[in-house]
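The values are calculated or read from the model by the stated rules, or taken from the named source; none is laboratory data. Values in this document were obtained by computation on a predicted structure and should not be read as measured data. Note that each Cβ is placed from the backbone with ideal geometry, even for glycine, and that neighbours are counted across all protein chains shown. We work out accessible area using only protein heavy atoms, side chains counted, and drop any ligands, DNA or RNA first. Shrake-Rupley method; radii C 1.70, N 1.55, O 1.52, S 1.80 Å.
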Amino acid sequence: LQVILVSANKLTRYIEPCQLTEDFGGTLTYDHMDWLNKRLVFEKFTKESTSLLDELAVINNGSDKGNQQEKERSIDLNFLPSVDPETVLQTGHELLSELQQRRFNGSDGGVSWSPMDDELLAQPQVMKLLDSLREQYTRYQEVCRQRSKRTQLEEIQQKVMQVVNWLEGPGSEQLRTQWGIGDSIRASQALQQKHEEIESQHSEWFAVYVELNQQIAALLNAGDEEDLVELKALQQQLSDVCYRQASQLEFRQNLLQAALEFHSVAQDLSQQLDGLLGMLCVDVAPADGASIQQTLKLLEEKLKSVDLGLQGLREKGQSLLDQISNQASWAYGKDVTIENKENVDHIQGVMEDMQLRKQRCEDMVDVRRLKMLQMVQLFKCEEDAAQAVEWLSELLDALLKTHIRLGDDAQETKVLLEKHRKFFDVAQSTYDYGRQLLQATVVLCQSLRCTSRSSGDTLPRLNRVWKQFTVTSDERVHRLETAVAFHLSAEKILQECPEQPEAFNEVEQFDEIEAVGKSLLDRLTVPVVYPDGSEQYFGSPSDMASAAEHIREKMKLVSLKRQQLRQPEATSPDS
C-alpha cells in the first residue's frame, strides 16, 4: 500500500463523493453514534446469547441424560438460566429487524446509502444465534414443563397421601369411638353436636379432596401416557377413601337423627301416658250424664292418641334397630357387639316399658269406663224415678180433676168402675217402676261406694204421692160402688111392672134406697183427706153439683114411684 497525503478538499480525486461523509465534502449518510449503539447492542446480544446457549445446553443435556437427581430435585436458582431467554430473544429480534431495515432503505432524508461491511456480516450471525436460541429454548421449555409436571404430580401425590392418611387415621378413629345413640333427647343432641364437630373437621379434608380431584382431572386431560396410570390410581385411591368416609358420616348422621326421633316420640308418649294416668288417678264426681259422656269421650280420645303414639314409637324403634343391625359394616374390624347390644337393649326396653304403661292405663280406663257407665245408669235411674213420680202425680191430678162422673145408670157406673181399675193398674205399675229404679240406685251406689242418693226427696215424694193416690182411688172406688148399688136398687124399683105392687110393699126397700142416695150425696161434698192432713176435692164444685143433681133426680123418681104404689093401698077395702 502507498500512503498519499492530501488535503480534505482533494479527497474526491481518490474517493467517490458517495463514499465520503459530509464532513469531507461527500454525500455518504453516516451517524457514528448510531453505529456505535448498534455495535454495542450486537456485541451484548452476542455475549448474552452465547452464554445463554451454553447454560441451556447444560440444562437440556442433563435432562436428556436422565439424571435422576436432576429430575427429582425441585426447581431452584441453579436450574434457572442467568438471563431471561425471552428477553434475549426479543433483543435479538429487534436487532435483526433494525439491521434488515437499514439495507438500502435510506435514512431520514430519504437518501440511499450502503450499510457497513460489519453490519452486513452481523445479520447472519444474529440469525444463526436466534435459531440456536429458539431451538435450545424450546427444548428448555419442554424440560421445564416435564419437571413442572413431575413436581406437580409429586405435590398432588403428597397431598393425596395426607388426605388418605388423615381419613384412614384420625378421621376413622373419631368414628370408631362414636357408636352410642344416647338414652334421651338431650343425650342424642349431645352426640349430634359431637358428630357435627367431626363432620366439620372432615369437611376441610373433603374440600382438599375436591381441589385435588380437579387438579388430577386437568392432568389426565393434558397428561402423557406414562402418567395416566399413576394419576388414575391416585384418583381412585382418593375417591374410594373419601366416599367411604363420607358414607360413614352420613350413616352416623342418619342413625343419630333416627335415635333423636325415637327419643322424641318416646318422650311425647311418656307425657301422654302421664297425663292420662293423672286424669285416671283423680276421682271425679260428675254432676250429670252429659258431663260423664264428655269425660268418657275425652278418655277415649286420649287413649286413641296413646295408641297412635305407641304405634309411631314401634315404627321408629324398628327402623332404628334395622339401622343398628347394618352398623357392623362400618366397624373397620372393631367388635361392636357390646355397643350394639346396649343400644338394642335400650330401644327394646323403652318400647316394652311404654307397652306396659299403656296396658296399665288401658286397664284403669276400663275400670273408669265401667264406673262412668254405672254413674250414667245411676243418673238415668234417678231421672226415671223422678219421672215416675211426675207421672204418678199427673195420674193423681187426672184422677181428681177428670174422674168425676158417677154414671147415669148402673151399666155406665160399672163401666166407669172397670176403667178406674185399669187406671189404678197403670198407676200401680208406675209406682212399682219407680220403686225398682230407686232400688237400683241403692245397688249402684253400693257398687260405686258413694252415699245412697235414693234417700233424698225422690223416695219420700214417691211414697207420698202413691199414698195420696191410693187414698183418692179408694174414695173413688167407694163412690162408684155406692153409685152402682144405688142405681141397681133404684132401677129395680123403677123398672118393675105396676101390676105387681105386692112386690113393693116393703117400706124398708125404699128407705134403703133413700139412705144410700143420701149417703152418696153426702160423700160428694166430703173432701179426700190425706195422711198428712191435707184435703182435696174431686173436680170443681159445679162438677160435684152436676153429679149430685143426677142422683137427686133419680131419688125423686124413686119417691114418685113410692107414692104411686101407696095410692092403690089407700083405695083398697082393707085400707
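Values for this structure:
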quantity	calculated
Test: residue in segment 389-405 that is touching a helix residue (DSSP H, G or I) at 6+ places or on another chain (Cβ under 6 Å) and over 27 Å from MET544 (Cβ atoms)	yes
Members of segment 466-475 that are open to solvent by 10 Å² or more (accessible area, probe 1.4 Å) and of a type outside the set (Val, Ile, Thr)	TRP466, LYS467, GLN468, ASP474, GLU475
Hey, ARG186 surrounded by fewer than 18 Cβ atoms within 10 Å (Cβ to Cβ), touching a residue at least 60 places away in the same chain (Cβ under 8 Å) and over 30 Å from ARG147 (Cβ atoms) or not	no
Positions within segment 18-49 being surrounded by 13 or more Cβ atoms within 10 Å (Cβ to Cβ), of a type outside the set (D, E, K, R) and part of a helix (DSSP H, G or I), in sequence order	CYS18, GLN19, PHE24, TRP35, VAL41, PHE42, PHE45, THR46, SER49
Which listed residue is open to solvent by less than 60 Å² (accessible area, probe 1.4 Å), at pLDDT below 85 and small (Gly, Ala, Ser), from SER393, SER325, SER291	SER291
SER264 being open to solvent by 40 Å² or more (accessible area, probe 1.4 Å) and farther than 20 Å from ASN326 by Cα	yes
Condition check for GLN214: more than 28 Å from GLN348 (Cβ to Cβ) and either assigned by the TED database to the domain that holds GLN235 or loosely packed, with under 14 Cβ neighbours inside 10 Å (or both)	yes
Members of segment 1-17 that are open to solvent by less than 70 Å² (accessible area, probe 1.4 Å) and either under 29 Å from THR91 (Cβ atoms) or of a type in the set (A, V, I, L, M) (or both)	VAL6, ALA8, LEU11, ILE15
Given (1) modelled with pLDDT under 80; (2) within 27 Å of LEU524 (Cα to Cα); (3) open to solvent by 40 Å² or more (accessible area, probe 1.4 Å), index of the condition GLN500 fails	(2)
Selection count where residues are modelled with pLDDT under 75 and either within 23 Å of TYR530 (Cβ to Cβ) or surrounded by 13 or more Cβ atoms within 10 Å (Cβ to Cβ) (or both), scope segment 451-465	5
Set GLN257, GLN237, GLN201, GLN272: member being surrounded by fewer than 18 Cβ atoms within 10 Å (Cβ to Cβ) and over 24 Å from GLN162 (Cβ atoms)	GLN257
Candidate set: segment 133-183, residues that are in contact (Cβ under 8 Å) with a residue 12 or more places away in the chain and part of a loop (DSSP other than H, G, I, E, B); chosen: the one farthest from TYR243 (Cα to Cα)	ASP183
